[in-house]
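Visitor: Before I ask anything, let me first share the structure, which is written out below as structure tokens.
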Amino acid sequence: MAESRLLRSDLIAPLFVAEGLTAPRPIESLPGHHQHTVESLVAEAAALLDVGVSAVVLFGLPGVKDAVGSGASDPEGIVQVALRRLRVEFGESIVLLPDLCLDEYTDHGHCGLLAPDGSVDNDATLERYQAAAVAQADAGADLVAPSGMMDGQVGAIRAALDAAEHQDVGILAYSAKYASALYGPFREAVDVEIIGGGDRQGYQQDPANRRESLREVALDIAEGADIVMVKPAVTYLDVIADVAASVDVPVAAYHVSGEYSMIKAAAANGWLDGDAVALEQLTAVKRAGADMILTYFAREIAPRLDG
Ligand code: PBG
């Protein structure tokens, strides 16, 4: 009688790959997750495929960060290296969705380039996103996933991909991305610290706003988004429901690092049943209208789900 059923095929696993590591490094705030070497990334992807999770989002940690985030668009950048390798190992059986942003690659930790006054320069950033998108597509991405919330990013990336003969590479747009405190563990995972104790309130959404998300989503679809995403998930179920009711493209939701860590920490203390809460939350995200869910629980929860 269940109206909603979470399936393995709904799940997308976020993974981290770091340049210059000799062994995978555990991420303390995301128990069970690692900054991977390319080798251990391949092993993790194989384990995911074994349990029926066939889509992965990749985040890269470059060896060197700089002001323009060079590693994001370098053909030899860590994510591009990892994409090529995963494609060789797994062929078309894996769906590769690199996250497309600059914050992991910039020495100031912002998702875009900085203007001389220290503010984020939206339009200059778009050119960097275009270069990163083409590099990721050249390396084998099926879809690119821009997460920087710059205005016009989807249109700019679509144009660049088309001009580079990558008409078949899609765009999963982080369309309604809130300026959330729930990204805390992720920033440890990718070694990102925003310069001067800054934040992303200039480009991410205000948690107090609901209708604004529909505007952001409509703009992204008009610019060519193939999938739109709401992020975080459980705190924004109303937004997921609104978006699912208003669009005719698939809707993704990102159950983010803080949502995972809270459950893990409480479970480690014996304060709640982590497996049960994880299933409940992810089912709620599906019930709200998400067609697919990015979650750090993907590998451990998949064996308990139907295909
Ligand atoms: C930006 C990005 C972030 C996350 C995904 N892409 C961090 C941010 O916006 O500060 C967060 C994911 C998570 O918390 O799990 N590249």
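The values are calculated or read from the model by the stated rules, or taken from the named source; none is laboratory data. Predicted, not measured: the structure shown is a model, and the values here were computed from it. With ideal geometry, Cβ positions are generated from the backbone for all residues, glycine too; neighbour counts draw on all protein chains shown. Areas reflect the complete protein model, heavy atoms only, side chains present, ligands, DNA and RNA absent. Shrake-Rupley method; radii C 1.70, N 1.55, O 1.52, S 1.80 Å.
Visitor: Just to check I understand the Karplus step: with θ = phi - 60° and J = 6.51 cos²θ - 1.76 cosθ + 1.60, what whole-Hz values come out for the stretch 22-29, glycine and proline as x?
Guide: Along the stretch 22-29, the couplings run 9, 8, x, 10, x, 9, 4, 7 Hz.
Visitor: If the reach is capped at under 18 angstrom between alpha carbons, list the aspartates and glutamates near K286, excluding any in the same chain fewer than eight residues apart.
Guide: Once the sequence-local aspartates and glutamates are set aside, what remains near K286 is E3, D10, D238, D242, D248, E259, D275, E300, D306.
Visitor: Still on this structure: Cα convex hull of the chain: mean projected area in nm², to one decimal?
Guide: Taking a quarter of the hull surface, the average projection is 15.3 nm².
Visitor: Along the charge dipole of the chain, Cβ charges K/R +1 and D/E -1, which of L86, I240, Y178 sits furthest on the positive end?
Guide: Checking the options against the dipole of the chain, the answer is I240.
Visitor: Using protein chains only and a probe of 1.4 angstrom, how many square angstrom of R8 are accessible, to the nearest 10?
Guide: Accessible area, nearest 10 Å²: 70 Å².
Visitor: Arrange the peptides 70-83, 208-221 so that the one whose residues have, on average, the most other Cβ atoms within 10 Å appears first.
Guide: 70-83, 208-221
Visitor: Something else about it: Once fully extended, how much extra length lies between D123 and V88, figured as 0.36 nm per residue of separation less the alpha-carbon to alpha-carbon distance?
Guide: In short, 9.1 nm is gained.
Visitor: For Q205, what residues show an amide H to amide H distance below 5 Å, using hydrogens built from the backbone and excluding near sequence neighbours?
Guide: K177, Y178, A179
Visitor: If you don't mind, there's one more thing I want to ask. Would you work out which of L41, M1, S73 lies farthest towards the positive end of the dipole of the stretch 1-83, given +1 charges on the beta-carbon of Lys and Arg and -1 on that of Asp and Glu, about the Cα centre?
Guide: M1
Visitor: Restricting to the chain, what percent of DSSP beta bridges are antiparallel, rounded to 5?
Guide: Antiparallel bridges make up about 10 percent of those DSSP assigns within the chain.
Visitor: What residues qualify as long-range amide H neighbours of L143, i.e. H under 5 Å apart, gap of 5 or more or another chain, H built at 1.01 Å from N?
Guide: Hits under the 5 Å cutoff: L96, G170.
Visitor: Give me the distance in nm between label points sitting 7 Å out from Cα along the Cα-to-Cβ direction at D191 and D238, one decimal.
Guide: 4.0
Visitor: Roughly how many whole Å is it from the C-alpha centroid of the stretch 224-274 to that of the stretch 46-91?
Guide: 23
Visitor: Probe radius 1.4 Å, ligands and nucleic acids ignored: give me the carbon and sulfur share of the accessible area of the chain as a rounded percent.
Guide: C and S atoms contribute 51 percent here.
Visitor: So what's the back-of-envelope 222 nm ellipticity for the chain, counting only DSSP H runs of four-plus at -39500 (n - 2.57) apiece and dividing by all residues, rounded to 500?
Guide: -11500 deg cm²/dmol
Visitor: Mind running the shape call on the stretch 52-190? Use the C-alpha gyration tensor, a ≥ b ≥ c as the square roots of the eigenvalues: rounded below 1.5 for a/c, prolate if a/b tops b/c, oblate otherwise.
Guide: Here the stretch 52-190 falls in the prolate category.
Visitor: Right, something else. At 0.36 nm per residue, minus the direct Cα-Cα distance, what do Q201 and A47 gain on full extension? Give it in nm, one decimal, please.
Guide: Extra length available between Q201 and A47 comes to 51.8 nm.
Visitor: Given charges of +1 on the Cβ of Lys and Arg and -1 on the Cβ of Asp and Glu, with all other atoms neutral, how large is the dipole of the chain about its Cα centre, in debye to the nearest 20?
Guide: Roughly 660 debye for the chain.
Visitor: Hey, could you grab the Kirkwood Rh for the stretch 182-307? Inverse mean 1/r over distinct alpha carbon pairs, Å, one decimal.
Guide: One over the average 1/r among Cα pairs gives 15.9 Å for the stretch 182-307.
Visitor: Per residue, how much accessible area does the stretch 2-161 show when a 1.4 Å probe rolls over the protein heavy atoms, in square angstrom?
Guide: For the stretch 2-161, the per-residue accessible area is 36 Å².
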